[in-house]
Structure formats: C-alpha cells, structure tokens
Amino acid sequence: MESASLTSVRLSSFFARVLSLNRFKDSTGGPGGASRHGPRAAGCPVPRRENPTMSSSDKVPHAVADLIAYILVRFHETHRSEVPELVAQARVLADAGVLPELADHLELMGEALEEHMFKEEMRLFPMMEQGGGTLIDLLLDDLEREHRAHEVSIARLEELLAQLPATPGAALLAAGCRKFVDDLLQHVAAEDGDLFLRFGPRRTTAVGRVVQP
C-alpha cells in the first residue's frame, strides 16, 4: 500500500501536469490540427519518412515538463481523437466487403498505442517530472521496444493501404491513415530523439537513425 504522503506527491504531480497541458493547449489552439497533406489517392502505400522530425511549425519546448505537456497535447490527444474515427471508417468499408484486415489492424494499432500512452502518462512522465529514478532505464527500454513495434505495425499498415480500391471512401480513409502515420512517426521521434535522451543514452534503432550509447 502507498503511504498517504506518496499518494499526495503523485496527485500533485498529476494535477501540475494537467495544468501545464491546459496552458499549452490554450497557447496552441488544441491538439493535432488539420493534416498538412492533401488527400492521397487510394491504392498507394503511405511513404515512410527517411528521417522524421518535428514540423517546422511545431514549437518544441525545452523544459522537460513543457515537452511532456507538448507530447500529451500534440500526440496523445490527437491519436485518441483520430484513431477511433479511422477504425470506424475502415469498419464501414469492411462491412461492404472491402479489406476487413485493415479495420482489424487499425484497431490493434489503436489498442497497442493506448496501452503505450497509458504507461507513459501513469509511470514514465511522473517519474521524469521528479527527475528520474532507479527504474527509469528499464521503463525506457520497454517503451523503446514498443516504438519499434509501432514501426512494424506502420509497415503492415502501408501494405494494407496499397490494397485499397480507388473509391472516395477508401481515398478518405487513406488520407486519414497517412496523417496518422505522420503523427505517429513524429511522436516516436520526439521521444526517442529528444525526451528520452535527456535521461541517458538510448540503445535502440529509431526510424531513420541509430542512436548510439
């Protein structure tokens, strides 16, 4: 059982993060925003970025607490808002007999991503805001392995999108998936290439780069 003082510290950290997130949201106008890309023709795979970085329009904070708030708003809220809609669109196509595997894959990606974000929000980010901890390396290694799993899932998503027919509904779904892929790669890059590095050298291969210890 946690002591009352430890529980109080964790609650204080949580509410401080919520306040920081709200301040960041107010300054940016909310999560995600419209896609920077126009509609993409169905039947074409989503291209992988050679070296995903933050958009030039993104203002990445320097302080750890502010960077965490940025990630929560820019990526976590965006994924939670947009992925269920992509699954719903894919289910409509699946009900019409069009590529049911795509809907299943998107749903699995969404579930894995939600579990990953929950770990960050409930374990990693509070630990980082307290300056780290003896178990942070193990947690970061685990989360980085999940990042590599996300990249494998993206590759499979690209294969499935290449099989979509050239219909308006499929084109709309493909455009949404392209934005999701772009957001997810930027999400991974912001963590592997910035946030995680602030707590020690990393050891796994990120998309488009190898981070050496």
* If each of Val64 and Asp194 carries a label point 7 Å out from its Cα toward its Cβ, how far apart are those two points in nm? -> 1.6
* Asked: What base-10 log of the normalised intensity I(q)/I(0) is obtained for segment 64-182 from the Debye formula, alpha carbons as equal point scatterers, at q = 0.10, 0.15, 0.18 Å⁻¹?
  -> -0.36, -0.71, -0.92
* Charge context of Glu82, other residues only, Cβ under 13 angstrom, K/R +1, D/E -1 -> -1
* Starting with the fewest neighbours, write out Thr167, Thr134, Thr78 ranked by other beta-carbon atoms found within 10 Å of each beta-carbon. => Thr134, Thr167, Thr78
* **Backbone N within segment 154-177 under 19 Å of label point (7 Å from Asp104 Cα along the Cβ vector)** => 154-165
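Each reported figure results from applying straightforward, stated rules to the coordinates on display, with no laboratory input. Nothing here was measured: the structure is a model prediction, and the numbers come from that model. Cβ coordinates were reconstructed from backbone atoms using ideal geometry, including for glycine residues, and neighbour counts include every protein chain displayed.
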